[in-house]
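Below: one structure, written as structure tokens.
The values are calculated or read from the model by the stated rules, or taken from the named source; none is laboratory data. None of these values were measured; they are calculated from a predicted model. Cβ: placed from backbone, ideal geometry, glycine included. Neighbour counts: every protein chain shown.
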Amino acid sequence: MIIETDVLVIGAGPAGSLTAKHAALNGADVIIIDKKSEIGTPKRCAEGVSKEGLKKLKIEPSTRWVTKELSGVRLIAPNGTSVWLNDEKVKLPEAGYILERKVFDKHMAMDAARAGAQIMIKTIANGLRRDGDSLIVTAESMGEELEIKAKIVIGADGPESRVGRWVGLKTAQKPKNMESCAQFEMVNVKMEDPDAIEFHFGSTAPGGYAWIFPKGDDIANVGLGILTTETDKSAYEHLLDFVKNNPATQNAQPVEFNIGGDPVGGMHKELTADNFMLVGDSASQVNPLTGGGIISAMEAGVYAGKVAAKAIKEGDYSAKNLSEYQERCEENIGVKFERDLKVKDYLQSLSDEELNSIADAFQDIELDRINPAELIKQLIKVSPKALLKLGKLF
Ligand SMILES: Cc1cc2nc3c(=O)[nH]c(=O)nc-3n(C[C@H](O)[C@H](O)[C@H](O)COP(=O)(O)OP(=O)(O)OC[C@H]3O[C@@H](n4cnc5c(N)ncnc54)[C@H](O)[C@@H]3O)c2cc1C
């Protein structure tokens, strides 16, 4: 069987659903497919999003999918020294709400359907070929072979994306750019402040960090991301050590285990080809510093959906005409990521001892005095070597 549409979106995560919604709202015929039987399940996420990010996207937080509103962040050095930040004084990335992704992703897909997109669940894209000025995607839907002919195909197929490669885009990730993550959702977690998310730095999670994101009561996502280039142990082994040694998780029990890759090397250079665009994790649109990609995936989805619908109206699906999407992503997402990539490299260059002394110094600083000048002053004081490393990166 072959079906035809203007726009085919492959993947119904946050990137795909927002793309489908905005393409449909702007007049295109849209099909969105996902290989999952239930959109959003299983989750592969610590579920933190910034309040500012949702506001910018005009998405009203709903009690259906927000499990927890946060008021702060606790940064923990390898020796246990904590720096507490609160959201009145510092804009906190990926820290405002904790979602229930299984519900959130479904709701974003429902919004796409309400805007007019057709959803096909349990439908996996297996390949793609060119057919004149269209692309034909071969898929299996509910066990049946299917072909979908589309004027524009949008790859929103997540961190292990294959779709971009089918049209010749360079999307392979080097190991040093892919965090390997492992996480338990746990009960009986006893956090010092259950309204703050925790980031643990240093050799607990080589090349990344460990986190505890509270979901309410005594429930939390407890996980970490590592770079396989920085350690011989697996993310799972590091997670077991973290859970064993952390005071908050001494009596905690896992109710769910998640593993997944998180692309942290900055946005891919090429996001479009003729009749084609990439969004979300498949385009490596993840903040390299925090590993958070929900908001940027959705922001890129808005751009992709609008540009796709415009191209359909114009009858021009060439890479050149779709390049407006690339420009908007570079301007609004890529530039910030380039900066955050440098900060990440800097953090990764610090030893446990340097992290400990920086945390010691920052414990005593008034929060509203945290600005670049103050930061550098404190760094000179605690670790001229650390400052030298910072200088080399910028
Ligand atoms: C452990 C972990 C913790 C994280 N924590 C956070 C966090 O706290 N905050 C944050 O902002 N980000 C976090 N992230 C990143 C975040 O999960 C992603 O950036 C986000 O999900 C990207 O959305 P997406 O729509 O691009 O991809 P995804 O959410 O991965 O969606 C891709 C979809 O494509 C479907 N798909 C794939 N291949 C095919 C195919 N061939 N055919 C049909 N369907 C297909 C999949 O089933 C999936 O539903 C975390 C990631 C990990 C691994």
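Look at Gly11 and say whether it is near the ligand (Cβ under 7 Å from one of its atoms), in contact (Cβ under 8 Å) with a residue 60 or more places away in the chain, in contact with a strand residue (DSSP E or B) (Cβ under 9 Å, 6 or more places away or on another chain) and at positive phi.
Answer is yes for this residue.
If you check Gly202 against the conditions, is it buried (at least 21 other Cβ atoms within 10 Å of the Cβ), in contact (Cβ under 8 Å) with a residue 24 or more places away in the chain, more than 11 Å from the ligand (Cβ to nearest atom) and at positive phi?
The answer is yes for Gly202.
Among the numbered criteria (1) of a type in the set (D, E, K, R); (2) within 11 Å of the ligand (Cβ to nearest atom); (3) out of contact with any helix residue (DSSP H, G or I) (no Cβ under 9 Å at 6 or more places or on another chain), which single criterion is violated by Glu4?
(2)
Name the single residue, out of those in the range 1-59 being in a loop (DSSP other than H, G, I, E, B) and among the hydrophobic types (A, V, I, L, M, F, W, C), that is nearest to Glu144 (Cα to Cα). Even if it seems obvious, please write down each step before you answer.
At the first step, the residues of the range 1-59 found to be in a loop (DSSP other than H, G, I, E, B) are 1, 11-13, 26-29, 34-47, 50, 57-59.
Next, only the ones that are among the hydrophobic types (A, V, I, L, M, F, W, C) stay: 1, 12, 28, 39, 45-46, 57, 59.
Working: Met1: 9, Ala12: 20, Ala28: 26, Ile39: 19, Cys45: 31, Ala46: 34, Leu57: 37, Ile59: 36 Å.
Per the criteria, the residue is Met1.
Any chance the range 315-329 includes a residue that's buried (at least 19 other Cβ atoms within 10 Å of the Cβ) and touching a Pro at 6+ places or on another chain (Cβ under 7 Å)?
No, there is no match, as no residue in the range 315-329 is buried (at least 19 other Cβ atoms within 10 Å of the Cβ) and touching a Pro at 6+ places or on another chain (Cβ under 7 Å).
Specify the residue that is nearest to the ligand (Cβ to nearest atom); the eligible residues are those in the range 189-199 that are of a type outside the set (D, E, K, R) and farther than 22 Å from Glu237 by Cβ.
Step one: list which residues in the range 189-199 are of a type outside the set (D, E, K, R), which gives 189, 191, 194, 196-197, 199.
Filter once more, keeping what is farther than 22 Å from Glu237 by Cβ: 191, 194, 196-197.
Values: Met191: 16, Pro194: 17, Ala196: 14, Ile197: 9 Å.
Applying the filter and picking the extreme gives Ile197.
Which one of the conditions (1) under 18 Å from the mean Cα position of the chain (by Cα); (2) more than 15 Å from the ligand (Cβ to nearest atom); (3) among the aliphatic types (A, V, I, L, M) does Ile226 fail to meet, given that it meets all the rest?
(2)
Tell me which residues, restricted to the range 253-286, are surrounded by fewer than 22 Cβ atoms within 10 Å (Cβ to Cβ) and within 11 Å of the ligand (Cβ to nearest atom).
Hits for the range 253-286 are Phe257, Asn258, Ile259, Gly260, Gly261.
Out of all the residues in the range 261-292, which are on the phi > 0 side of the Ramachandran plot and under 14 Å from the mean Cα position of the chain (by Cα)?
Across the range 261-292, the qualifying residues are Gly266, Gly280, Ser284, Gly291.
Could we say that Ala220 is within 14 Å of the ligand (Cβ to nearest atom) and farther than 28 Å from Cys329 by Cβ here?
Here the answer is yes, as Ala220 does meet what is asked.
Could you tell me whether the range 100-117 includes any residue that is near the ligand (Cβ under 10 Å from one of its atoms), outside any helix (DSSP H, G or I) and surrounded by 17 or more Cβ atoms within 10 Å (Cβ to Cβ)?
Checked against the condition, which is being near the ligand (Cβ under 10 Å from one of its atoms), outside any helix (DSSP H, G or I) and surrounded by 17 or more Cβ atoms within 10 Å (Cβ to Cβ), the range 100-117 yields no hits at all.
How many residues, within the range 348-371, are outside any helix (DSSP H, G or I) and either at pLDDT 85 or above or in contact with a His (Cβ under 8 Å, 6 or more places away or on another chain) (or both)?
Residues meeting the conditions: 2.
State yes or no: is Gln183 under 24 Å from the mean Cα position of the chain (by Cα) and within 11 Å of the ligand (Cβ to nearest atom)?
The answer is yes for Gln183.
Name the pairs: first residue in the range 207-230 and closer than 15 Å to Lys43 by Cβ and of a type in the set (D, E, K, R), second residue part of a strand (DSSP E or B) and more than 10 Å from the ligand (Cβ to nearest atom), Cβ to Cβ under 6 Å, at least 6 apart or on different chains?
Pairs found: Lys215/Thr67; Lys215/Lys68.
Go through the range 18-51 and count every residue that is at pLDDT below 95 and either in contact with a His (Cβ under 9 Å, 6 or more places away or on another chain) or more than 10 Å from the ligand (Cβ to nearest atom) (or both).
Summing the residues that are at pLDDT below 95 and either in contact with a His (Cβ under 9 Å, 6 or more places away or on another chain) or more than 10 Å from the ligand (Cβ to nearest atom) (or both) in the range 18-51 gives 1.
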